[in-house]
Amino acid sequence: MKRTSWSAGLSVSADGVGVVAHSGSVATRLLGNRTGLTTGLSKAMSRRDFDPGHDRGQVLVDVAVMLADGGEAITDIDVLRHQAGVLGPVASPPTVWRVLEEVAAGRLKKIAAARARVRRHVWAQLPDGVPAAKVAGTDLGEVVVLDVDATIVIAHSEKENAAATFKRTFGYHPLGVWCDNTSEFLAAKLRAGNAGSNTATDHIEVLTDAIAQIPGTHRRKLLIRSDGAGASHGLLDWLTAQGKVRGRSVEYSVGFSITEKIRDAIRLLPKRAWTPAVDADGGIREGGDVAELTGVLNLTTWPDGMRVIVRRERPHPGAQLSLFEERDGWRYQAFVTNTMTGQLGFLEARHRAHARVEDRIRHAKDTGLGRFPSREFDINQAWLMLTQVAADLTAWTRLLGCTGDAVVLAGCEPKAMRYRFLHVPARLTHSARRRRLRIPESWPWAAAIIAVFANIAAIPQPA
């Protein structure tokens, strides 16, 4: 049998014209323009008597588009420069460096204000309103859930304020807040690697910035979730005070350390105090129980209304247990909340859903957070701000662009979104003074991509 190779007669040359390699990123840039983000950042970066060759707001949006597209270094902006036939002039890497140097502390505040205005416009355009956060097979209705968590970003060279971390690595320890309803990256603070995990001041700062990002009409019902790093008197007192702001309800669900007093309280619990835990689908969680410790603890020094709830679960083989846990064969975890209604199993499942923030962090590290480009701390802080913008653009693409015929792309993680959409090649043609991007008709997601472009182009621009 004669065999023929698929590569027979194949040759490669660099003389192609009218070809756009990452045509899907054009939609992301268009989204920045249609939502008013580019204009807002331009105003935030404007300086009196300074007329730059490249609009500073457009440069910042282009870097965010590059990060959403999978770029990892400032030189990756050349991927967008390759698309000048569609996008027009794009800043060079040296220009990007200069723009990042211009993002001082005062500019960051103006940029945050611009982002908040744009987010208000975006949320107003959501076809079905703000998505409800899902817990145990049900949703939380109008409650906006904010998840706060920190992560380690390793630095492979000496950078300003990089330091040894508690995990015996070297780098930074940024703290961020994500909206569980929309997956938006609301606020973050770049910190040295040796920054404390449960620093109340840092938590309060990023949560204040995050709440300011939420449109005013959606701040009436907030839920703040954190792991044990947030279990400090300072943070819980602040959260309690936020709940007393007129017209606002702030509930919290924060991990709590298993101390000796907690262990003593667990010993006092009768068997009837334990009720079955709930799994992610709302059914009974096999091998898990929940109980409340509030009545057997002295909580006079903690905020009024704080409840302590503990979960026990049979450990998986090989799990490391404390001496207390080895004695009865259960593994324990505790959290505190000020929510006074709802079954214990549901409240515990609601707290356990905070683990979704690990996916947000992983996505952010795939979108710029995993690598800081500069030796200078201020430039890295500006880079962190742009990773937030990139994460927002990705979330808005799903919320506003991936609807109708494009819903097949709505569930894609960033890497899948790039593979199926952002990195799709296209041919750029000109006819009757118009330009046209021609997606390959054989591309499996071609129809969905066309729908994304149409949905983004239909977004009304802010007044």
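If amide H atoms are built 1.01 Å from N in the plane of the peptide, which residues on other chains or at least 5 residues away come under 5 Å of the amide H of residue 155?
Excluding prolines and chain starts, which carry no amide H, the hits are 170, 171, 172.
Tell me, how many Å apart are the Cα centres for region 425-445 and for region 331-378?
Their Cα centres are 41 Å away from one another.
Would you mind pulling out the separation of the Cα centroids of region 234-279 and region 140-201, in Å?
First find each Cα centre; the distance between them is then 23 Å.
Taking the alpha-carbon centroid of each part, what is the distance from region 7-54 to region 60-116 in angstrom?
Region 7-54 and region 60-116 have Cα centres separated by 10 Å.
How large is the convex hull of the C-alpha atoms of region 269-393 per residue, in Å³?
Working: hull volume 26.8 nm³, N = 125.
In region 269-393, the Cα convex hull volume per residue is 214 Å³.
Structure shown: which of 109/189; 134/244; 167/261; 110/189; 110/365 lie over 19 Å apart, alpha-carbon to alpha-carbon? Can you show the working numbers first?
Details: 109/189 13 Å; 134/244 26 Å; 167/261 28 Å; 110/189 16 Å; 110/365 25 Å.
Beyond 19 Å between Cα atoms: 134/244; 167/261; 110/365.
Treat region 1-146 as a sphere of radius equal to its Kirkwood radius over Cα pairs and apply Stokes-Einstein at 10 °C in a medium of 1.306 mPa s; give the translational diffusion coefficient in µm²/s, rounded to a whole number.
Working: Rh = 18.5 Å.
For the chosen part, D equals 86 µm²/s.
Arranged from highest to lowest average of other beta-carbon atoms within 10 Å per residue, in what order do the peptides 19-31, 86-98 appear? Don't skip to the end; give the middle numbers.
Working: 19-31: 22.5, 86-98: 15.8.
Highest to lowest by the protection proxy: 19-31, 86-98.
Using only Cα atoms, figure out Rg for region 29-94 and give it as a multiple of 2.2 N^0.38 Å. Present the calculation step by step, with values, prior to reporting the outcome.
Values: Rg = 11.8 Å, N = 66, 2.2 N^0.38 = 10.8 Å.
So region 29-94 has a normalised radius of gyration of 1.09.
Using only Cα atoms, figure out Rg for region 131-267 and give it as a multiple of 2.2 N^0.38 Å. Spell out each step's value before the answer.
Working: Rg = 16.6 Å, N = 137, 2.2 N^0.38 = 14.3 Å.
So the Cα radius of gyration is 1.16 times the expected 2.2 N^0.38 Å.
Students often check this: by mean Cβ neighbours within 10 Å, which of 43-55, 429-441, 160-172, 69-81 ranks highest, and how do the rest follow? Could the numbers behind the result be given before it?
Working: 43-55: 12.8, 429-441: 10.7, 160-172: 15.8, 69-81: 17.7.
Per-residue Cβ counts within 10 Å, averaged per peptide and sorted highest first, yield 69-81, 160-172, 43-55, 429-441.
Using the Kirkwood radius over C-alpha pairs as Rh, can you work out the diffusion coefficient of region 7-56 via Stokes-Einstein at 37 °C, viscosity 0.692 mPa s, in µm² per second? Please report the intermediate quantities before stating the final value.
On the way: Rh = 14.6 Å.
Calculated translational D: 224 µm²/s.
Please give the FRET efficiency for residue 322 paired with residue 233, using the beta carbon to beta carbon distance and R0 = 22 Å, rounded to the nearest 0.05. Walk me through the numbers before you get to the answer.
On the way: r = 24 Å, r/R0 = 1.10.
For residue 322 and residue 233, the calculated efficiency is 0.35.
What nm value, rounded to one decimal, do you get for the distance between residue 407 and residue 128 when each label is placed 7 Å out toward the C-beta?
The two pseudo-label positions are separated by 0.7 nm.
Once you have the alpha carbon radius of gyration of region 148-213, what is it after dividing by 2.2 N^0.38 Å, with N set to its residue count? Could the numbers behind the result be given before it?
Values: Rg = 12.5 Å, N = 66, 2.2 N^0.38 = 10.8 Å.
So region 148-213 has a normalised radius of gyration of 1.16.
Which value at 222 nm does the chain reach when only helices count, each DSSP H run of 4 or more adding -39,500 (n - 2.57), with the total divided by all residues and rounded to the nearest 500 deg cm²/dmol? Let's see the in-between values first.
Details: 16 runs with 164 residues, N = 463.
Taken over the chain, the calculation gives -10500 deg cm²/dmol.
Calculate, axis by axis, the spread of Cα positions in region 360-463 along the three principal axes, and write the results as whole Å, longest axis first.
Principal-axis extents of the Cα atoms in region 360-463, largest first: 49, 32, 32 Å.
On full extension of the chain, what length is gained from residue 47 through residue 454, given 0.36 nm per residue of separation minus the C-alpha to C-alpha distance? Kindly include the intermediate steps, with their values, before the conclusion.
Numbers: separation 407, 0.36 × 407 = 146.52 nm, distance 3.49 nm.
This chain segment gains 143.0 nm when fully extended.
Tell me, what HN-Hα J-couplings in whole Hz come from the Karplus equation 6.51 cos²θ - 1.76 cosθ + 1.60 at θ = phi - 60° for each residue of region 13-18, using x for Gly and Pro?
Running phi through 6.51 cos²θ - 1.76 cosθ + 1.60 with θ = phi - 60° gives 9, 10, 10, x, 10, x Hz.
Which residues in region 135-162 have a backbone N closer than 13 Å to a point placed 7 Å from the Cα of residue 371 along the Cα-to-Cβ line?
154-157
Check which residues have an amide H placed less than 5 Å from residue 227's amide H, if you skip close sequence neighbours.
Correct list: 255.
How far, in nm, would the chain grow between residue 241 and residue 73 when pulled straight, counting 0.36 nm per residue and subtracting the alpha carbon separation?
Working: separation 168, 0.36 × 168 = 60.48 nm, distance 4.19 nm.
Roughly 56.3 nm would be gained on extension.
For a quick check of your reading of the filter: which trypsin sites (Lys or Arg not before Pro) in region 221-284 sit in a DSSP loop and have no more than 12 other Cβ atoms within 10 Å?
Details: sites: 221, 225, 244, 246, 248, 261, 263, 267, 271, 272; in loops: 244, 246, 248.
The qualifying sites are 244, 246.
If you wrap the chain's Cα atoms in a convex hull and average its projection over all directions, what's the area in nm²?
Working: hull surface 119.0 nm².
With every direction weighted equally, the projected area is 29.7 nm².
Quick check: residue separation of residue 113 and residue 205 times 0.36 nm, minus the Cα distance between them. What number comes out in nm?
Between residue 113 and residue 205, full extension yields 31.6 nm more.
Only the coordinates and a few stated rules stand behind these numbers; no lab work does. This one's a predicted model, so the numbers in the text were calculated from it and none came from an experiment. When we count neighbours, we look across all protein chains shown, and the Cβ atoms used for this are built from the backbone with ideal geometry, even at glycine.
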